[in-house]
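Asks: Handing you this structure, nothing more for now.
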Amino acid sequence: MAKLILLSLSIAIGLLVLDRKPFLDNPDVDSELTSTLSVAEKPLEAVAALGQLQPSGDIRRLAAPLSGFGGTPRVAELLVEEGDLVEEGQVLAVFDNRPQILAELKGLRARLKTLGIEISMKNREINRYKKTALEGATALVFLEEKEDELIKLQGLLEETSAQLVGLEADFQDSELKTPITGIVLRINTRVGERPGSEGVIEVGANRTMEALIEVYESDVIRIKVGQVVNLTSENGGFKGTLSGQVMLISPQVRQRKVLSTDPTGDADARVVEVRVSLDSRSAALVKQFTGMKVIARFVP
């Protein structure tokens with residue numbers, strides 16, 4: 001009985017193998033199945049691109065004032081260096097016209113004091129002439145002359161006061177102050193130089209930071225606003241990984257500006273500018289690293 005059962009099982013297994021053999025031996029079916037499995041198991045790759053850090057707030061280019069002393073003054077003293085953190089109202093540079101303006105201010109203030117004394121004395125003199133004129137001891141013509149002199153002195157006082165206001169404004173401008181709290185991004189004019197169209201100093205508000213990433217035009221279709229991005233330093237400028245989100249995707253394609261240290265890199269590649277906003281923790285870690293190159297990986 002046992003031998004009969006074993007024989008029946010052997011026959012059933014053989015028939016099953018023979019029945020599936022045409023399917024297993026078919027190369028087209030085998031290739032299609034393998035391809036389908038491969039596509040299903042292949043994970044989506046993250047887009048990687050190169051970029052640099054920068055402040056996401058205001059960037060101010062601070063220029064020298066136009067003074068009444070021969071146009072734009074030269075820089076006499078620089079009080080900061082690139083990368084320094086600065087507070088609103090802090091003095092960053094001093095111009096060479098400051099001593100001359102200070103001397104003029106002292107002269108005008110002394111002149112105002114003298115005019116004030118002269119006007120006071122002229123008023124007392126006029127009051128005396130008025131009394132004597134009423135008594136008939138002084139001709140009215142002398143009183144009128146003194147009143148005319150007083151009017152002239154008052155005019156000089158007003159004119160000098162206006163000059164003083166202008167000089168005080170020039171004196172304030174003889175020091176370059178930052179209008180925002182942030183970081184010194186670039187110094188365009190050094191001591192002894194006269195500032196040009198690029199200004200003296202560039203200051204960026206670094207309370208929030210962002211990364212400007214250049215994504216190849218072939219990869220931009222895989223980038224979406226709000227997508228999570230991880231950033232690392234290309235050259236080890238900071239440790240760990242920064243986190244952020246895609247804030248803006250530029251509609252314009254252009255040549256890349258941020259070049260890789262890889263000498264085989266394509267400098268003429270066409271890229272799309274993607275702005276990535278860093279979270280508060282990441283921004284605090286790199287607020288002094290404006291311009292530092294980063295590698296961005298866009299999480300699929």
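Asks: What about LYS122, is it of a type in the set (D, E, K, R), out of contact with any Cys (no Cβ under 6 Å at 6 or more places or on another chain), over 27 Å from THR290 (Cβ atoms) and modelled with pLDDT of 85 or more?
Replies: Judged against the criteria, LYS122 is a match.
Asks: Restricting to the stretch 251-300, and then to whatever is over 14 Å from GLY226 (Cα atoms) and hydroxyl-bearing (Ser, Thr, Tyr), can you tell me which residue is modelled with the highest pLDDT?
Replies: Initial filter on the stretch 251-300 (over 14 Å from GLY226 (Cα atoms)): 251-273, 280-296.
Okay, now just the ones that are also hydroxyl-bearing (Ser, Thr, Tyr), so 260-261, 264, 280, 282, 290.
On the way: SER260: 59, THR261: 54, THR264: 50, SER280: 87, SER282: 91, THR290: 83.
Restricting to residues being over 14 Å from GLY226 (Cα atoms) and hydroxyl-bearing (Ser, Thr, Tyr), the top hit is SER282.
Each row is one residue, and each column tells you yes or no for (1) assigned to a helix (DSSP H, G or I); (2) aromatic (Phe, Trp, Tyr); (3) modelled with pLDDT under 50.
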{"site": "ALA12", "(1), (2), (3)": "yes, no, yes"}
{"site": "VAL17", "(1), (2), (3)": "yes, no, yes"}
{"site": "ASP28", "(1), (2), (3)": "yes, no, no"}
{"site": "LEU33", "(1), (2), (3)": "yes, no, yes"}
{"site": "LEU44", "(1), (2), (3)": "no, no, no"}
{"site": "GLN52", "(1), (2), (3)": "no, no, no"}
{"site": "GLU81", "(1), (2), (3)": "no, no, no"}
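Asks: Restricting to the stretch 178-237, count the residues that are under 26 Å from VAL253 (Cβ atoms) and among the basic types (Lys, Arg). Let's see the steps before the verdict.
Replies: Going residue by residue through the stretch 178-237, those that are under 26 Å from VAL253 (Cβ atoms) are 209-232, 234.
Now restrict to residues that are among the basic types (Lys, Arg): 222, 224.
Of the residues in that region, 2 qualify.
Asks: Take the stretch 186-210 and flag every residue that is closer than 18 Å to GLY89 by Cβ and either hydroxyl-bearing (Ser, Thr, Tyr) or within 13 Å of the chain's Cα centre (by Cα) (or both).
Replies: ILE201, GLU202, VAL203, GLY204, ALA205, ASN206, ARG207, listed by residue number.
Asks: Please work out if SER174 is loosely packed, with under 13 Cβ neighbours inside 10 Å and over 19 Å from the mean Cα position of the chain (by Cα).
Replies: Numbers: loosely packed, with under 13 Cβ neighbours inside 10 Å: no; over 19 Å from the mean Cα position of the chain (by Cα): yes.
Criteria not met by SER174.
Asks: Can you give me the number of residues within the stretch 78-106 that are in contact with a Lys or Arg (Cβ under 9 Å, 6 or more places away or on another chain) and either farther than 14 Å from PHE171 by Cα or free of Cβ contacts under 8 Å to residues at least 12 places away in the same chain (or both)?
Replies: Here the count works out to 7.
Asks: Find all pairs meeting these conditions: Cβ atoms under 8 angstrom apart; at least six residues apart or on different chains; first residue within the stretch 154-179 and among the hydroxyl-bearing types (Ser, Thr, Tyr) and modelled with pLDDT of 95 or more; second residue loosely packed, with under 13 Cβ neighbours inside 10 Å and part of a helix (DSSP H, G or I).
Replies: Within 8 Å, no pair qualifies.
Residues checked against (1) among the hydroxyl-bearing types (Ser, Thr, Tyr); (2) over 52 Å from the mean Cα position of the chain (by Cα); (3) within 18 Å of LEU185 (Cα to Cα):
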site	(1), (2), (3)
LEU85	no, no, yes
LEU92	no, no, yes
LYS106	no, no, no
TYR129	yes, yes, no
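Asks: Does VAL191 qualify as being β-branched (Val, Ile, Thr), over 17 Å from ARG60 (Cβ atoms), part of a strand (DSSP E or B) and touching a residue at least 40 places away in the same chain (Cβ under 8 Å)?
Replies: On the way: β-branched (Val, Ile, Thr): yes; over 17 Å from ARG60 (Cβ atoms): yes; part of a strand (DSSP E or B): no; touching a residue at least 40 places away in the same chain (Cβ under 8 Å): yes.
Spelling it out, it is not the case that VAL191 is β-branched (Val, Ile, Thr), over 17 Å from ARG60 (Cβ atoms), part of a strand (DSSP E or B) and touching a residue at least 40 places away in the same chain (Cβ under 8 Å).
Asks: In the stretch 124-141, which residues are surrounded by 13 or more Cβ atoms within 10 Å (Cβ to Cβ) and not basic (Lys, Arg)?
Replies: If the condition is that a residue be surrounded by 13 or more Cβ atoms within 10 Å (Cβ to Cβ) and not basic (Lys, Arg), then GLU125, ILE126, TYR129, THR132, ALA133, THR138 are the ones that fit.
Asks: Same structure again: Taking PHE142 and the conditions (1) in a helix (DSSP H, G or I); (2) at positive phi; (3) not β-branched (Val, Ile, Thr), which numbered condition does it fall short on, given that it satisfies the others?
Replies: PHE142 satisfies all of (1) in a helix (DSSP H, G or I); (2) at positive phi; (3) not β-branched (Val, Ile, Thr) except (2).
Asks: Another question, then. Yes or no: LEU185 in the same structural domain as ALA284 (by TED's automatic domain parsing) and within 30 Å of ASP279 (Cα to Cα)?
Replies: Details: in the same structural domain as ALA284 (by TED's automatic domain parsing): no; within 30 Å of ASP279 (Cα to Cα): yes.
Answer is no for this residue.
Asks: A further question on this structure: Please go through the stretch 174-188 and pick out each residue that is under 14 Å from PRO65 (Cα atoms) and not in a loop (DSSP other than H, G, I, E, B).
Replies: Initially, the stretch 174-188 is screened for residues under 14 Å from PRO65 (Cα atoms), giving 174-178.
Listed by number, the residues that qualify are GLU175, LEU176, LYS177.
Asks: Quick one: in the stretch 214-248, of everything that is within 15 Å of VAL274 (Cα to Cα) and in a loop (DSSP other than H, G, I, E, B), which residue is farthest from the chain's Cα centre (by Cα)?
Replies: So, considering only residues that are within 15 Å of VAL274 (Cα to Cα) and in a loop (DSSP other than H, G, I, E, B), the one farthest from the chain's Cα centre (by Cα) is SER218.
The values are calculated or read from the model by the stated rules, or taken from the named source; none is laboratory data. This one's a predicted model, so the numbers in the text were calculated from it and none came from an experiment. Note that we place each Cβ from the backbone using ideal geometry, even for glycine, and neighbour counts take in every protein chain shown.
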